[in-house]
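Presented below is the structure to which this report refers.
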DNA sequence: GCCCAGGTGTTTC
DNA sequence: GAAACACATGGG
């Protein structure tokens, strides 16, 4: 489906390179911040996640061990601005424990983790899994989010009833298996959705011109 | 005051 | 299985 490539080109031309994932680079290794951010941003505006990450940075919490050793009540307090702090604190603990118990280090985790294994971890669903794989591990998995489904279903390329894997496979099948392209495409979708493709339909959306062919 | 945000797990028909 | 619900803060 040439359309999927065409949408990418249009978005890139409109918004320029987004160069995701955005990080402030306070963790060790730097990919660890992506993993934490991926969990904290679950159903949450990124602005709020930034506040939580800033709190962790100021509290000198910068490694997987820092999370494991930290009192859970303190962790909750630090990530409070990102919402759902009770479950997210637990998820950060669970995930950190998983990384250390099964891989020994974040570096080893990033190198050897598989999609199937990551999906098994409680609190890490489809999107968080693929966000970690794509942006932290540099592996070619397309990150499908609510925006992706909204935009592509409005363009008539998918049905709203399609499940996560269905959408992901369609996109991956119709794009070159290129990590850079996957990273940029997802970032462009988020950028575009925030500006132009909210829940209420925007008549001026630049993608509308692509539909009427 | 209401709606929404870069979801996920559990409960319930 | 899918639909409904809980989880929570902060910005528009």
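Observations on the structure shown:
- Sub-8 Å Cβ pairs linking a first residue in region A:81-93 that is over 15 Å from residue A:125 (Cβ atoms) to a second residue that is assigned to a helix (DSSP H, G or I) and near DNA strand C (Cβ under 7 Å from one of its atoms), at least 6 apart or interchain, are A:81/A:48; A:81/A:51; A:82/A:48; A:82/A:51; A:82/A:88; A:83/A:48, ordered by first then second residue.
- Residue match in region A:61-72 (condition: at pLDDT 95 or above, within 16 Å of DNA strand B (Cβ to nearest atom) and surrounded by fewer than 17 Cβ atoms within 10 Å (Cβ to Cβ)): no
- Residue check for residue A:55: within 16 Å of DNA strand C (Cβ to nearest atom), over 23 Å from residue A:139 (Cβ atoms) and surrounded by fewer than 16 Cβ atoms within 10 Å (Cβ to Cβ): no
- Residue count for region A:151-167 under the criterion of being in contact (Cβ under 8 Å) with a residue 40 or more places away in the chain and either exposed (fewer than 14 other Cβ atoms within 10 Å of the Cβ) or within 16 Å of DNA strand C (Cβ to nearest atom) (or both): the result is 1.
- Subset of region A:10-48 [free of Cβ contacts under 8 Å to residues at least 40 places away in the same chain, part of a helix (DSSP H, G or I) and closer than 22 Å to residue A:138 by Cα]: A:33, A:37, A:46
- Residue match in region A:75-98 (condition: more than 16 Å from DNA strand C (Cβ to nearest atom) and either at pLDDT below 95 or under 18 Å from the mean Cα position of the chain (by Cα) (or both)): yes
- The residues listed here are A:97, A:77; of these, the one that is within 16 Å of DNA strand B (Cβ to nearest atom) and surrounded by 13 or more Cβ atoms within 10 Å (Cβ to Cβ) is A:97.
- Qualifying residues in region A:183-200 (those that are at pLDDT below 70 and either part of a helix (DSSP H, G or I) or out of contact with any helix residue (DSSP H, G or I) (no Cβ under 7 Å at 6 or more places or on another chain) (or both)) - the one farthest from residue A:132 (Cα to Cα): A:200
- Whether a residue is assigned to a helix (DSSP H, G or I), touching a residue at least 60 places away in the same chain (Cβ under 8 Å) and away from DNA strand C (no atom under 11 Å from the Cβ) was assessed, and residue A:67 does not pass this test.
- The number of residues in region A:100-125 that are part of a helix (DSSP H, G or I) and surrounded by fewer than 19 Cβ atoms within 10 Å (Cβ to Cβ) comes to 13.
The values are calculated or read from the model by the stated rules, or taken from the named source; none is laboratory data. The shown structure was predicted, so the numbers you read here are calculated from the model rather than taken from an experiment. All Cβ positions, even for glycine, are placed from backbone atoms using ideal geometry, and neighbour counts span all protein chains on display.
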